[in-house]
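Data first, discussion second: the structure below is written as structure tokens.
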Amino acid sequence: MSSTTLLSEPMELSNKVKIKNRIFKSAMSEGLSTKNHLPNDQLLRLYKAWAEGGAGLVVTGNVMVDRRALGEPRNVVLEDDNNLSLFKKWANAGTKNNTQLWMQINHPGKQVFKGVVKEAVAPSAVPFESKLQRFFPLCRALTVLEIREIINRFAQTALLAKRAGFTGVQIHAAHGYLISQFLSPIHNKRMDEWGGPIENRFRFLSEIYLTMREKVGDDFPIGVKINSSDFSKAGFSEEESQFVIEKLDNLGVNLIEISGGTYEKPEMTGKNVKASTMKREAYFMDYAEKLKKKSNVPLVLTGGFRTLEGMEHALHENATDMIGLARPMAIYPNFPNLLMENDVPTLGISPVKTGLSFIDDRAMLELTWYSQQLERIAKGKATKPSFSPLLSLFLTLAKNGKEVFQQRRA
Ligand SMILES: Cc1cc2nc3c(=O)[nH]c(=O)nc-3n(C[C@H](O)[C@H](O)[C@H](O)COP(=O)(O)O)c2cc1C
């Protein structure tokens, strides 16, 4: 008997949407759009590879709701139906093999590298901690009118994703981007109904969800990715995260993905994770277990899963309903099939390091190294697990330098 019994079990969401197995490919920003922020053939190839690779549910890298608010130079943007036919092709490629394909929808707020946008906005004009200020621009606080406009943009992008043939959407409320900035008592210092107690800091996310739900209807799945905590002293805490998840469950969100950390504290990539946690593989397992005891909301736990035993154990212990995987899917797009066949490669996935502490202390190189693997799949090349981190850094600087220059000229 294969030991993958639980992983291969289908699952049904509260709105009767069926997912063929418990493997959830988590969002990885591709940075592969056209210069005009549209999907292209490279994206189609990448998503076809993942659809054929066997995951039950594939989430796209973050798609932005506004071309004036990019997180990175080559993000896909979906804000109107001018080029919906290209998104239809993308949805078509990614839903092959009975794969659920959900679009992750995001606004970066102030968490955007210098030179990528003209102006960074946030709930309040609070700068990042001093160590990060060389990377991120100063920001200004959003007006109430602008907050309402962004809420409508999230809903509009979801509706367009549905029209294009994506089978669901995920709201990105984790990792320090705009929604996460609203949730954070450090980054949200507003004195109006959008700031203050957690009930108010949650308002932006709840309004996004409710407006979106009204547009897409009850049958279309909406998920939310949220932090277990921001891991900052006096920041968004586990208790607040639990409060928000309970509310989202009551509002009817179909699937919650648990992650953690921000660019200030990049715990989502396993930075600073305790040895005892590492033994359990999943970085946020303890938190997921606590949640599961209190609530029936369907959960995906993401971050750190590498072995079949670790995944099966988490499902068996009822710590989660689905297993979120990101980096393994950048090296082996067919990782789910390998898991199902019980033929799992030993993942030589260790932290990506250059030896330069000011780079290694942040998660940035980790992300770019894996993005370069995605680009290889997208170009039809084999992935390269032995790729040198220093070369990766060099290529990133060369590419982003050029992109930033182009962005400023535009
Ligand atoms: C290259 C790369 C890009 C990422 N982009 C996103 C993103 O767009 N949205 C998001 O929610 N998480 C993003 N993540 C985080 C992953 O979804 C995931 O939470 C994290 O990598 C931990 O899972 P893992 O240990 O399986 O890699 C990204 C991770 C990587 C490596």
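In the range 11-409, the DSSP beta bridges split such that about 5 percent are antiparallel, to the nearest 5. Which residues in the range 220-243 have a backbone N closer than 14 Å to a point placed 7 Å from the Cα of Ser295 along the Cα-to-Cβ line? Flagged as within label range: 223-229, 237-243. Annotation: Cα Rg of the chain relative to the compact-globule expectation 2.2 N^0.38 Å equals 0.90.
Net charge of the neighbourhood of Ile226, taken over other residues with C-beta under 13 Å away and scored Lys/Arg +1, Asp/Glu -1, is -3. Among 115-121, 269-275, sorting by the average number of other beta carbon atoms lying within 10 angstrom of each residue, highest first, gives 115-121, 269-275.
Of all beta bridges that DSSP places with both ends in the range 1-154, some 15 percent have antiparallel geometry. For the range 43-177, the alpha-carbon coordinates run over 47, 31, 21 Å along the three principal axes, in decreasing order. Taking other C-beta atoms within 10 angstrom as a stand-in for reagent exposure, Arg148, Arg203 fall in the order Arg148, Arg203, fewest first. Does the range 154-214 come out rounded, prolate or oblate, given a ≥ b ≥ c as the square roots of the eigenvalues of its C-alpha gyration tensor, rounded meaning a/c under 1.5 and, failing that, prolate meaning a/b above b/c? Here the range 154-214 falls in the prolate category.
Shown in residue order for the range 183-188 are the 3J(HN,Hα) couplings computed by the Karplus curve 6.51 cos²θ - 1.76 cosθ + 1.60 at θ = phi - 60°: 6, 7, x, 7, 8, 10 Hz (x for Gly and Pro). Dipole of the chain computed with +1 at Lys/Arg Cβ and -1 at Asp/Glu Cβ about the Cα centre; of Met28, Leu248, Gly261, farthest Cα towards the positive end is Met28. Among 239-250, 277-288, the peptide with the highest mean count of other Cβ atoms within 10 Å heads the list, and the full ranking is 277-288, 239-250. Neighbour counts of C-beta atoms inside 10 Å place Ser276, Ser388, Ser33 in the sequence Ser276, Ser388, Ser33, starting with the fewest.
Just so you know, all these numbers are worked out from the coordinates, no wet-lab data involved. Worth saying up front: this structure is predicted, and the values here are computed from it rather than measured. For neighbour counting, all protein chains shown are included, and Cβ atoms are generated from backbone atoms with ideal geometry for every residue, glycine included.
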